[in-house]
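Structure first, then comments.
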Amino acid sequence: SPMYATAITIDANTNLKLKAFKTGWNASPTVSAAYIMKAVAPNFTPNPGTFFDDQYVAITTTTPEAEIRYTKDGGEPSLSSALYTGPVLIDGTTTLKARAFRDGWTGSNVTTGTYTIKVNAPTFNPPQGSYSGPQYIAMASATPGAEIRYTLNGSTPTQNSTVYTAPVLVSTNSVIQAIAFKPGLTPSSISVGNFLITNTVATPVFNPSPDSLY
């Protein structure tokens, strides 16, 4: 067998066995040690969390020469999973899983992160407040393609509530509740608008103002 002369480089999973010899002596017992080389689990940038627009997630590992495999469907990454070659597009609520592999090494632990892509909450125009007469209330979400559902009876909007298609007329005291939806994304938070309609005739004004006469 090879003679030991200097430190032995272990660069893959290895079962190392050693035995000492000396002329005229009986050889020593054999000793063995298993060296397991394991890839370092990947990191995600940005970190998992809740976002209001699409995200491109970079995946890295500190293990040199390792390749990263990932899944977006909740499955466990394997050598047959998608190969990471650049930031991964997350355009809907997704559980991202990744694992690092290197030839001759044990695969890393699986890194898991849930990215919640949430629809932007609706806004009201004009905003909630007190008005002297009826108002047409426009609603909008900053999320492209989002659908807004609303109620006027104090109940929480659902996907079966009235769909917003045009400004809503409020002529009496009203509470508008609205949620924005988009397939594949988490629904928005509830927006609540309190509109107080006083139906008070506007105060007359003079033109020109008496103060301007002198």
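The values are calculated or read from the model by the stated rules, or taken from the named source; none is laboratory data. Since we're looking at a predicted model, the values are computed, not measured. Neighbour counts run over all protein chains shown; Cβ positions are idealised from the backbone, glycine included. We work out accessible area using only protein heavy atoms, side chains counted, and drop any ligands, DNA or RNA first. Shrake-Rupley method; radii C 1.70, N 1.55, O 1.52, S 1.80 Å.
Some points to look at:
- Segment 1-94: translational diffusion in µm²/s, Stokes-Einstein, Kirkwood Rh over Cα pairs, 4 °C, 1.567 mPa s: 73 µm²/s
- Once the chain from L169 to S132 is taken as fully extended at 0.36 nm per residue, the excess over their C-alpha distance is 11.9 nm.
- Taking amide H as placed 1.01 Å from N in the peptide plane, Y84 has its amide H under 5 Å from the amide H of I68, R69, Y70, each at least 5 places away in sequence or on another chain.
- Histogram of C-alpha separations across segment 117-167, 10 Å bin width, %: 22, 53, 23, 3
- P(r) tail, segment 74-133: Cα-Cα pairs separated by more than 16 Å, 63% of all pairs.
- Full-extension gain in nm, L196 to A142, via 0.36 nm per residue minus C-alpha separation: 16.9 nm
- Loop sites in segment 2-91: chymotrypsin sites (Phe, Trp or Tyr not before Pro), DSSP, at most 13 other Cβ within 10 Å: Y4, F21, W25
- Antiparallel content of DSSP bridges confined to the chain, in %, to 5: 80 percent
- Per-atom-type breakdown for the chain gives carbon and sulfur 54% of the accessible area (1.4 Å probe, protein chains only).
- Extension gain (nm, one decimal) between L83 and A34, 0.36 nm per residue minus Cα-Cα: 14.7 nm
- Taken about its Cα centre, the chain carries a charge dipole of roughly 940 debye when the Cβ of each Lys and Arg holds +1 and the Cβ of each Asp and Glu holds -1.
- Segment 1-42 - convex hull of alpha carbons, volume per residue in Å³: 77 Å³
- Mean projected area of the Cα convex hull of segment 29-142, taken over all directions, amounts to 11.0 nm².
- Span per principal axis, largest first, for the Cα atoms of segment 84-195 (Å): 77, 24, 22
- Sites T6 and T114, calculated FRET efficiency, Cβ-Cβ separation with R0 41 Å, nearest 0.05: 0.25
- Heavy-atom accessible surface of the chain, averaged per residue, reaches 64 Å², computed with a 1.4 Å probe.
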